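Chemist: Sharing a structure below in structure tokens format, with a few things to ask.
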Amino acid sequence: MIDPWRAEQEWLRCAFHAHTTNSDGELTPRALVKHYERAGYDVLAVTDHWFRSDPPSTERLLVVPSAELNCVLPGDRDGHVLAFGIDDALASLEGERLDLADTGAWITDNGGVAYLAHPYWTGVTPGSLELPDTVSGIEVYNASCELEIGRGVSTVHWDELLEAGHRCFALATDDSHHPGFDSDLAWTWVRAERTIEGVLEALQTGCFYGSTGPRITSVAAGVGSVVVECDPCRSVTVMFGVSSGAAVHAGRLGYRHGGEILETTPDGSITAARLDLPRTTPYARVQVTDERGGRAWTNPVGP
Ligand SMILES: [Zn+2]
Ligand SMILES: [Zn+2]
């Protein structure tokens, strides 16, 4: 993966999952562009069900033409797959019942990048899910799935894929259908050139992190530890395999497990922490949580 904190391009705030009147969303594609532009976003992928929406970009907001497809997941579950930057109008795929690997292959063959949407919501069990090479990752957080049925967080699916050795990146998204009510709740910070090609490349290389609030300003992983700098947070955690990780927590009862707090605000929120890493580990990913419960998730980091 490419380390976004060492990249040189600008940080782009991206909405990677939203619907319009081209499927089951409330706003027209142009109105959705305006909505996310006003909310301060840099990039919008319009992901209508089985429809490639491609409203024009504006001076401030770059639109990545995209769609959301269905696939068959293990256990005969109905999976949803985000197809970012596809150049085909989908007619050649209509009516097919493909598995995740073949859906991902169709997307990459048509110039796109594939991500599995909201795995927890689909009901696929973490142990049965595999990530084919044609799919770059999953949504670790989907705000609508969380709002509607409390199944928006897919960290268990993600950790199982990482523990099994899959290269898997993870997005945070709105999946907005009713902008204003279910939008601007989760987003992805991408470090890339402000072009469609630049954003697609970052999605393929993992040069981003997802958030529902806090920013992570620096992650420096070395042999034996990782140092994280972030907006004021109540906890900083690193996960690195079955039953293992390290964490520090702010507050009167602050708990430390394999790490130390390096910097706090006057009221005790953590702004920098060092966490222990084992010398060899299949992966390590960092998660921070702020005082209001907002979270941010890095892709796997490496020394
Ligand atoms: Zn979906
Ligand atoms: Zn959706």
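Chemist: Give the residue from Pro74, Gly180, Ala18 lying farthest towards the positive end of the charge dipole for the chain; charges sit on Cβ (+1 for Lys and Arg, -1 for Asp and Glu) and the dipole is referred to the Cα centre.
Modeler: It is Gly180.
Chemist: Moving on. Taking the chain as a Gaussian network, where each spring joins two C-alpha atoms under 10 Å apart, which residue of Val81, Val156, Val288 fluctuates the most?
Modeler: Highest fluctuation among the options: Val156.
Chemist: Leaving out ligands and nucleic acids, note down the accessible area per residue over the chain with a 1.4 angstrom probe, in whole Å².
Modeler: Heavy-atom accessible area per residue stands at 42 Å².
Chemist: Also: Sorted by mean Cβ packing within 10 Å, highest first, what order do the peptides 224-230, 116-122 take?
Modeler: So the order, starting with the most tightly packed, is 116-122, 224-230.
Chemist: Taking the DSSP beta bridges in the chain as the whole, what percent of them are antiparallel, to the nearest 5?
Modeler: In the chain, approximately 80 percent of DSSP beta bridges are antiparallel ones.
Chemist: Which residue, Asp159, Asp174, Asp133, has the most motion in a Gaussian network model of the chain that connects Cα atoms within less than 10 Å?
Modeler: Greatest mean-square fluctuation among the candidates belongs to Asp133.
Chemist: Same structure, new question: What size of dipole, in debye to the nearest 20, comes out for the chain about its Cα centre when the only charges are +1 on Lys and Arg C-beta atoms and -1 on Asp and Glu C-beta atoms? Don't skip to the answer; put the middle values down first.
Modeler: Working: 22 positive and 43 negative charges, 217 e Å.
Charge dipole, the chain, about its Cα centre: 1040 debye, nearest 20.
Chemist: To continue, here is another question. Relative contact order (percent) for the chain, with alpha-carbon contacts under 8 angstrom and 6 or more residues of separation?
Modeler: This gives 15 percent for the chain.
Chemist: About its Cα centre, what dipole magnitude does segment 216-298 give when the only charges are +1 on Lys and Arg Cβ and -1 on Asp and Glu Cβ, stated in debye to the nearest 20?
Modeler: The dipole magnitude comes to about 280 debye.
Chemist: Let me spell out the model: positive unit charges on the Cβ of Lys and Arg, negative unit charges on the Cβ of Asp and Glu, origin at the Cα centre of segment 1-74. What dipole size does that give, in debye rounded to 20?
Modeler: With only Lys, Arg, Asp and Glu charged at Cβ, the dipole is about 120 debye.
Chemist: On full extension of the chain, what length is gained from His257 through Asp276, given 0.36 nm per residue of separation minus the C-alpha to C-alpha distance? Provide the component values of the computation, followed by the final result.
Modeler: Values: separation 19, 0.36 × 19 = 6.84 nm, distance 0.88 nm.
Net length gain for the segment: 6.0 nm.
Chemist: What is segment 147-303 by shape, rounded, prolate or oblate, if you read a ≥ b ≥ c off the alpha carbon gyration tensor as root eigenvalues and call it rounded for a/c under 1.5, prolate for a/b larger than b/c, and oblate otherwise?
Modeler: Oblate, because a/c is 1.5 or more while a/b does not exceed b/c.
Chemist: Add -39500 (n - 2.57) for each DSSP H run of 4 or more in the chain, then divide by its residues: what number comes out at 222 nm, to the nearest 500 deg cm²/dmol?
Modeler: Theoretical 222 nm ellipticity from helices: -4500 deg cm²/dmol.
Chemist: How much of the accessible area of the chain, in percent, comes from carbon and sulfur atoms when a 1.4 Å probe is used?
Modeler: That fraction is 48 percent.
Chemist: Among rounded, prolate and oblate, which fits segment 159-249 when a ≥ b ≥ c are the square roots of the eigenvalues of its C-alpha gyration tensor, a/c under 1.5 means rounded, and a/b larger than b/c means prolate?
Modeler: Because a/c hits 1.5 or more and a/b exceeds b/c, segment 159-249 counts as prolate.
Chemist: Just name one of Gly111, Phe169, Leu200: the one whose Cα is farthest towards the positive end of the charge dipole of the chain (beta-carbon charges, Lys/Arg +1, Asp/Glu -1).
Modeler: The residue sitting most towards the positive pole is Phe169.
Chemist: Let me ask another. Given axes a ≥ b ≥ c from the Cα gyration tensor, I'd like to know whether segment 10-211 is rounded (a/c under 1.5), prolate (a/b larger than b/c) or oblate. Walk me through the intermediate numbers first.
Modeler: On the way: a/c = 1.38, a/b = 1.32, b/c = 1.04.
Judged from the Cα gyration tensor, segment 10-211 comes out rounded (a/c under 1.5).
Chemist: So which chymotrypsin sites (Phe, Trp or Tyr not before Pro) in segment 127-192 are both in a DSSP loop and have at most 16 other Cβ atoms within 10 Å of their Cβ?
Modeler: For chymotrypsin sites (Phe, Trp or Tyr not before Pro) across segment 127-192 that sit outside H, G, I, E and B with at most 16 neighbouring Cβ atoms in 10 Å, the list reads Phe181.
Chemist: Would you look at the GNM of the chain, springs on alpha carbons closer than 10 Å, and say which of Leu203, Leu12, Leu90 moves the most?
Modeler: Leu90
Chemist: Which order do the peptides 22-28, 208-214 come out in when sorted by mean C-beta neighbours inside 10 angstrom, highest first?
Modeler: 208-214, 22-28
Chemist: Now, a different point. For segment 189-296, run through the trypsin sites (Lys or Arg not before Pro) and keep only the ones in DSSP coil with at most 13 other Cβ atoms within 10 Å of their Cβ.
Modeler: Arg252, Arg279, Arg292
Chemist: Report the label-to-label distance for Arg30 and Ala164 in nanometres (one decimal), using points 7 Å from each Cα along the Cα→Cβ vector.
Modeler: Between Arg30 and Ala164, the label points sit 4.5 nm apart.
The values are calculated or read from the model by the stated rules, or taken from the named source; none is laboratory data. Just so it is clear, the structure is predicted and the values come from calculations on it, not from any experiment. Backbone-built Cβ (ideal geometry, glycine too); neighbour counts: all protein chains shown. Side chains are part of the model used for accessible areas, which takes the heavy atoms of the whole protein and leaves out ligands, DNA and RNA. Shrake-Rupley method; radii C 1.70, N 1.55, O 1.52, S 1.80 Å.
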